[in-house]
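Here the structure is laid out as structure tokens; the discussion comes afterwards.
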Amino acid sequence: MTHEFRFCPNCATPLASMVQLEDGGEKARLRCAACGFTHWNNPTPVLAAVIEYRGQILLARNAAWSGKMYALITGFMEAGETPQEGITREIREETSLEPLELNLIGVYDFQRMNQVIVAYYARCEGEVSLSPELVDYRLFTPEAVKCWPGGTGSALADWLTSRGHTPQFFDWSHG
């Protein structure tokens, strides 16, 4: 979820969109006329994992989601950790599984949420125990899993392609 800044965090003056010359040319950003604070609004790094567990792909359903969508394990990177450390932490926190192998799939933009997704493949072992954030999980064969357009769905599709599978996508036109 993106948050809109309205006031300067330094002096509480209302922020205004101001155009200034930057390295790449003129850029409009929220700025404080009183103290010069700039809200950069840069994308947030989010980590994601295509988890292979017992030869299948584990997808989970978040407790906060309406509907029955299942997706990759994701989470925000914490200050002071590498992306690999972060996704290992997220996998452990959300599923109690232990990654045995971790490989970068790719980096994906998710502009709707102002995020950059760093996606990994993680072969994991252990017994699944979901965090309170998650209400269910399912295991899918590579042939049966369906991808969604954009974001982590693109990462899943790229991983499937790298393993010789043709990704199947949800048909959103049929509710």
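What follows is calculated from the coordinates using simple rules that are stated; it is not laboratory data. In this text, all values refer to a predicted model and were calculated from it rather than measured experimentally. Positions of Cβ are backbone-derived with ideal geometry, glycine not excepted, and every protein chain shown enters the neighbour counts.
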Return the single residue from L21, L47, L102 with maximal mean-square fluctuation; model: Gaussian network over the chain, springs between Cα atoms under 10 Å. L21
So what's the Cα pair-distance distribution over the chain, bin width 10 Å, in %? 9, 31, 29, 16, 12, 2
If Lys and Arg each add +1 and Asp and Glu each add -1, what is the summed charge of the other residues whose beta carbon sits under 11 Å from the beta carbon of Y70? +3
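Within 13 Å, Cβ to Cβ, of T82, how many net charges do the neighbouring residues add up to if Lys/Arg are +1 and Asp/Glu are -1? Intermediate values should be presented prior to the final figure.
Details: positive: R89; negative: E78, E81, E85, E90.
Result for the local shell: -3.
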Amide H proximity to V50 below 5 Å, modelled H, separation 5+ or other chain, gives Y120, Y121, A122
Scoring only Lys, Arg, Asp and Glu (+1, +1, -1, -1) among other residues with Cβ under 15 Å from the Cβ of A16 yields +3
Which log10 I(q)/I(0) values does region 56-98 give at q = 0.19, 0.20, 0.21, 0.31 Å⁻¹ under the Debye formula, counting every alpha carbon as one identical point scatterer? -0.64, -0.69, -0.74, -1.12
Charge dipole (debye, nearest 20) of region 94-175; +1 at Cβ of Lys and Arg, -1 at Cβ of Asp and Glu: 300
Value of [θ]222 nm, deg cm²/dmol, for the chain, DSSP H segments ≥ 4, -39500 (n - 2.57) each, nearest 500: -4500 deg cm²/dmol
In Hz, Karplus ³J(HN,Hα) per residue of region 104-112 (6.51, -1.76, 1.60; θ = phi - 60°; x = Gly, Pro): 5, 8, x, 10, 10, 7, 9, 5, 4
Relative to the longest principal axis of the C-alpha atoms of the chain, give the angle of the C-alpha long axis of helix 83-95, reported between 0 and 90° and rounded to the nearest 10°. 60
Cα centroids of region 1-61 and region 97-166: how far apart, whole angstrom? 24
